[in-house]
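The values are calculated or read from the model by the stated rules, or taken from the named source; none is laboratory data. Predicted, not measured: the structure shown is a model, and the values here were computed from it. Glycine gets a Cβ as well: all are built from the backbone with ideal geometry, and neighbour counts include every protein chain shown.
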Amino acid sequence: MGLAVSDPSGVVATPVRTVRVERGLAPDGVAAAIAAALRPLDADEVVVGLPRDPSGREGEPARRARAIARSLAEMVGLPVHVWDERYSTVEADRSMREQGASGRTRRAAVDRVAATLVLQSYLDSRRSGARRSGSR
C-alpha cells in the first residue's frame, strides 16, 4: 500500500513510502498499519483510494476500502476521504515503464506512485472545485 503526501499548500503530491500489510488482514489491522505510518507525517487529513470497477460500481474491494477509511478515521481523529483510484496502478506502471524503470524497480515503487496519482487527482479536483465555488 503506497503513501503520498502533499506540500503544505495542497498543490503537489509526492510519494513517501510503501506500507506492507498481510494479504487478508482485517480492515482494522490495515487501518492500524496506515495509522502507524501516518504518525511521523503530521497529516491534517487523509485520502484513501477507492477501487471501483471500470463502470464505476463499488464491489467488495471498495466496501473494504470504505471500512478501512472508517477505522482509520476513528484511529487518527482526522478527516478521511475516499477517492476513486481506478486505473491508478496501471497508470503508475505505464508512467514508470515510459521513464525506463526496470521491472524490479516498478514492482517496488508502483504502489507509492499510484498513491501519488490518487492524491494528486484529489488535490486537483479540490482546487478546481474551490475555484469554481470561490471558497478557497
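For first residues located in region 79-106 and closer than 19 Å to THR18 by Cβ and touching a residue at least 12 places away in the same chain (Cβ under 8 Å), partners that are buried (at least 16 other Cβ atoms within 10 Å of the Cβ) and among the aromatic types (Phe, Trp, Tyr) and lie 6+ apart or on another chain with Cβ distances below 6 Å form the pairs TRP83/TYR122. The listed residues are VAL46, VAL30, VAL11, VAL16, and the only one of them that is touching a residue at least 24 places away in the same chain (Cβ under 8 Å) and over 15 Å from the mean Cα position of the chain (by Cα) turns out to be VAL11.
Among residues that are touching a residue at least 24 places away in the same chain (Cβ under 8 Å), of a type in the set (Gly, Ala, Ser), outside any loop (DSSP other than H, G, I, E, B) and over 20 Å from VAL16 (Cα atoms), ALA67 is included.
Let's see how each residue does on (1) touching a helix residue (DSSP H, G or I) at 6+ places or on another chain (Cβ under 9 Å); (2) at pLDDT 90 or above; (3) surrounded by 18 or more Cβ atoms within 10 Å (Cβ to Cβ):
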site: ARG94; (1), (2), (3): no, no, no
site: ARG97; (1), (2), (3): yes, no, no
site: THR105; (1), (2), (3): yes, no, no
site: VAL110; (1), (2), (3): yes, no, yes
site: ALA114; (1), (2), (3): yes, yes, yes
site: LEU117; (1), (2), (3): yes, yes, yes
site: ARG126; (1), (2), (3): no, yes, no
site: ARG131; (1), (2), (3): no, no, no
site: SER135; (1), (2), (3): yes, no, no
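Here is the figure for region 56-92: residues that are at pLDDT below 95 and of a type in the set (Val, Ile, Thr) total 2.
Taking the conditions exactly as written (part of a loop (DSSP other than H, G, I, E, B), within 24 Å of SER125 (Cα to Cα) and small (Gly, Ala, Ser)), does SER95 satisfy them or not? Taking the combined requirement at face value, the residue does not satisfy it. Residues that are among the aliphatic types (A, V, I, L, M) and under 18 Å from VAL5 (Cβ atoms) do occur in region 53-70, at least one of them.
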